[in-house]
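The values are calculated or read from the model by the stated rules, or taken from the named source; none is laboratory data. Since this is a predicted model, take the numbers as computed values, not measurements. Please note: Cβ atoms are built from the backbone with ideal geometry, for glycine as well, and neighbour counts cover all protein chains shown.
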Amino acid sequence: MNRLLIILMLMVAACSENETSIAEMKVYEGPVREGRNVLMTYSEQSTRKVVLKAKLLLEFKDGNREFPEGLYIEFYDEEGKLSSTLESEKGYYYKNQNLWKATGNVVVESLEKNQQLNSEELFWKPDDERIYTEKFVTIRLENEVIYGTGLESNQDFTNYDIKNPSGEFVIE
């Protein structure tokens, strides 16, 4: 009987050492969905407004998305004509704010005005149809280059305001 009691006590002790308490368990915070070679189209009243392309899309439980291998977005005008593009090395979408963030060699091209914006970070707020940054920007026009820090623009990059501009300007 004594032997049986000692064996049972050893078994209980051995089991309790291998168990993991609930406090020690980690909650998984990684992506719940993954997509490769993603193509998404946003339309309003049968008119294409935005087309998004990405090599890799990671979607999280809270609805946020990450595009760790780059992001390419096309913006269309009211008639459905391609008006501008945005490309970056990485991208993020924050669902609760309906806010997009592009980082790493961000390039926005306005096809209507033949202009190009370069920055390291840019935000896009679809509700307001605007893009903005507090970072350094370079804007290339046909005959001039404008530098500055901070920018606000409409999403098709046809009307913009540089907060702290510098560079060479042609004044008429």
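A few comments on the model shown:
- Restricting attention to the range 35-60, the residues that are farther than 14 Å from TYR93 by Cα, of a type outside the set (Lys, Arg) and exposed (fewer than 15 other Cβ atoms within 10 Å of the Cβ) add up to 9.
- Screening the range 99-127 for residues that are of a type in the set (Asp, Glu) and either within 21 Å of GLY80 (Cβ to Cβ) or touching a residue at least 24 places away in the same chain (Cβ under 8 Å) (or both) and picking the one that is surrounded by the fewest Cβ atoms within 10 Å (Cβ to Cβ) gives ASP127.
- Just one of the listed residues (ILE139, ILE146) is in a strand (DSSP E or B), surrounded by 16 or more Cβ atoms within 10 Å (Cβ to Cβ), of a type in the set (Val, Ile, Thr) and touching a residue at least 24 places away in the same chain (Cβ under 8 Å), and it is ILE139.
- Checking PHE157 against (1) assigned to a strand (DSSP E or B); (2) in contact (Cβ under 8 Å) with a residue 24 or more places away in the chain; (3) touching a Lys or Arg at 6+ places or on another chain (Cβ under 8 Å), the condition it does not meet: (1)
- Whenever a residue of the range 57-71 is free of Cβ contacts under 8 Å to residues at least 24 places away in the same chain, its partners that are assigned to a loop (DSSP other than H, G, I, E, B), lying with C-beta atoms within less than 8 angstrom and at least six residues away or across chains, give the pairs GLY70/GLU89.
- When the criteria are applied in full, GLU121 meets the requirement of being within 24 Å of PRO31 (Cβ to Cβ) and either of a type in the set (D, E, K, R) or modelled with pLDDT under 90 (or both).
- Among (1) buried (at least 16 other Cβ atoms within 10 Å of the Cβ); (2) without any contact (Cβ under 8 Å) to a residue 24 or more places away in the chain - the single one GLY91 does not satisfy: (2)
- Residue that is nearest to LEU151 (Cα to Cα), among those in the range 51-110 that are of a type in the set (A, V, I, L, M, F, W, C) and modelled with pLDDT under 95: VAL108
- Meets criteria (in a strand (DSSP E or B) and in contact with a Lys or Arg (Cβ under 9 Å, 6 or more places away or on another chain)) for LEU151: yes
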